[in-house]
Amino acid sequence: MIKPLSLYVHIPFCVHHCAYCDFNTYVEPAQSVLVKETVEAIGLDIAKASQERVAGQVLSERPLATVYFGGGTPTFLSIEQLTEIMAAIRSHFHLLPDAEISSEANPTSADVAKFAAMRALGFNRLSIGVQAFDNGLLTALDRFHTTTEAVHAYQAARAAGFTNVNLDLMFGLPNQTLPLWKASLEQAIQLAPEHLSLYALTIEPGTRFERLHVGGRLVLPDDETVVTMYEYAQQRLTQAGYIHYEISNFSLPGFACRHNLVYWHNEEYLGVGPGAVSYLGGWRWKRERLPKRYVQKVKNGENLCVEEECLAPPEALDETLLLGLRLRAGVSLHALRDRFGLDPLERYKRGIEKLVQQGLLEQHGDILRVSDRALPITDTVIVELLASAEA
Ligand code: SF4
C-alpha cells in the first residue's frame, strides 16, 4: 500500500516582527518583488520536490493526507499568491479527498472575503494567532492586533465556513496574572473553537525580549505561577469538553490536528519554502533559510539543503520517544520495537524504572506515558529518560 505523505509550506513573511519571535520570518512590504519571487520559487520547489525519489518511490506518487501552511504569516500573502501555491500543490501531488489543509492566520491579515476565498481553495482548518484576549497583554507581548480584531478574525473564519478552527493562546507573559490568564481562557471557551494550543512564553536567544530580559526590563510571572496557569488551563478546558491530547494542545473530540500528529509520531513529511525541514527516508534536512538566497538557488536549480542528518535506529528511536511522550496517549512500546528493531524497555531500562518509581512516568501494559503530575516538567522527564539510554 502506498503510504500517504504530509506537506509543510513555509511562508517567511510578517507585517511586523514580534519581539519574542525567533521564527524564520522577515518584514516585507506585501507586494514586494521578494515576496513575489519567493511565491514563484515555492511553486518551483514543490514541482522539483515532487519528483524526488525516496526509498525507491517518487514523492508525487504518494497522496497528500495533510498540508500545513505555516510561517511567518501565510495570510500575509494575497489570495492570488495563495492560489498560485495551491495550484502548484494540486498539479504535482494528489490530495486525498479528506486531506486536512491548514493555514496559520494573523487576526489583522484576513477578513471574511479572504477566508472565504481560502475555503474555496480547499483550506479546511485555520489556526489563528490570538495569544491573549487583553489589549494590555498584547501590547506587552509586542503583538500587532487588538482583542476586538482577534474576535473579528474568529467570526470571519466562521462566516467564511471554517468548521475547524484553532486559537493559539500564550501564558507566562509580561505583566500577566493568574486572573488575566483565566479571563483569556474564558473568552476562548466562549467562542467555542474546535482546538486550542497553549504555549508558555520562552525567552529565545537573539530576540528583543532576550535583551529586555537580560536588562531586567521584562516583568514575567514566576515559575510557580506559570505552572499554576498551565494546570488551571488543563483542568478548565477538560471541564469544558476539550481533550488534552498533547502537552500544549486541546481539541474537541475528532479535531486533533492531523498534521501535527505526523510530527509527534515522527512520521515522514516534506517541507518546502525557506528554512523548511523535511524528514524522509530516515534523513532530516533543512532548506536555505534566507528568502533571497532560497529564491536564487531555486532559480539556478542548486541544491537547497543547508543542513542534514541521518537518523539511524538508536537516534531515531530516541527522537520518536521524545516526540511521542508529548502525547497524552503516550507511546506503544511494541510499536517502537517493531519499527526500530530495538527494545525500549532494554534501551531505557534504568530511566524507566527510576522515573516510574518517582511517579513521573507511567507504564500500563504496552503503553508508556508521562504522568499527570509530571506534565509541567515533561521536557525534564524526557531528557532524563533519554540520558539513561544504554549504548
Ligand atoms: S506574527 Fe508570528 S511569526 Fe510573525 S513575528 Fe509575530 S510571532 Fe513571529
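The values are calculated or read from the model by the stated rules, or taken from the named source; none is laboratory data. Fair warning: this is a prediction, and the values are worked out from it, not measured in the lab. Cβ placement follows ideal geometry from the backbone for every residue including glycine, while neighbour counts extend to all protein chains displayed. For the accessible areas, the whole protein counts, side chains as well, though only heavy atoms, and no ligand, DNA or RNA atoms are used. Shrake-Rupley method; radii C 1.70, N 1.55, O 1.52, S 1.80 Å.
Among the residues of the range 73-95, just one is over 21 Å from residue 12 (Cα atoms), in a loop (DSSP other than H, G, I, E, B) and either modelled with pLDDT under 95 or not aromatic (Phe, Trp, Tyr) (or both), namely 94. Residues that are in contact with a Gly (Cβ under 9 Å, 6 or more places away or on another chain) and under 14 Å from residue 36 (Cβ atoms) were ranked within the range 69-88; the one that is most open to solvent (accessible area, probe 1.4 Å) is 84. Just so you know, in the range 22-34 the residues that are under 26 Å from residue 141 (Cα atoms) and open to solvent by less than 30 Å² (accessible area, probe 1.4 Å) include one that is farthest from the ligand (Cβ to nearest atom), and it is 24. Of the helices (runs of 4 or more DSSP H) contained entirely in the range 103-210, those carrying at least 1 residues that are within 23 Å of the chain's Cα centre (by Cα) and within 16 Å of the ligand (Cβ to nearest atom) fall at 135-140, 147-159.
Remark: residue 91 falls outside the filter, which requires a residue to be within 13 Å of the chain's Cα centre (by Cα) and either within 16 Å of the ligand (Cβ to nearest atom) or open to solvent by 30 Å² or more (accessible area, probe 1.4 Å) (or both). Applying a threshold of 6 Å to beta carbon distances and a minimum spacing of six or more residues, or different chains, the list of pairs starting in the range 146-159 at a residue that is among the polar types (S, T, N, Q) and ending at one that is part of a loop (DSSP other than H, G, I, E, B) reads 147/133. Could you grab me the full set of residues in the range 281-305 that are more than 30 Å from residue 56 (Cβ to Cβ) and either outside any loop (DSSP other than H, G, I, E, B) or modelled with pLDDT under 95 (or both)? 291, 292, 293, 295, 296, listed by residue number.
Taking helices (runs of 4 or more DSSP H) as the structural unit, those lying wholly within the range 317-391 and holding at least 2 residues that are open to solvent by 60 Å² or more (accessible area, probe 1.4 Å) and of a type in the set (A, V, I, L, M, F, W, C) correspond to 378-387. Within the option set 98, 134, 111, being at pLDDT below 95 and not aromatic (Phe, Trp, Tyr) holds for one residue only, 111.
Scanning the range 182-227 for residues that are among the aromatic types (Phe, Trp, Tyr) and in contact (Cβ under 8 Å) with a residue 60 or more places away in the chain returns a single hit, 209.
Restricted to the range 35-72, and to residues there that are within 16 Å of the ligand (Cβ to nearest atom) and in a helix (DSSP H, G or I), the residue that is farthest from residue 106 (Cα to Cα) is 38. Please verify whether residue 15 is over 26 Å from residue 97 (Cβ atoms) and more than 16 Å from the ligand (Cβ to nearest atom), treating the condition exactly as stated. Against the criterion (over 26 Å from residue 97 (Cβ atoms) and more than 16 Å from the ligand (Cβ to nearest atom)), residue 15 does not qualify.
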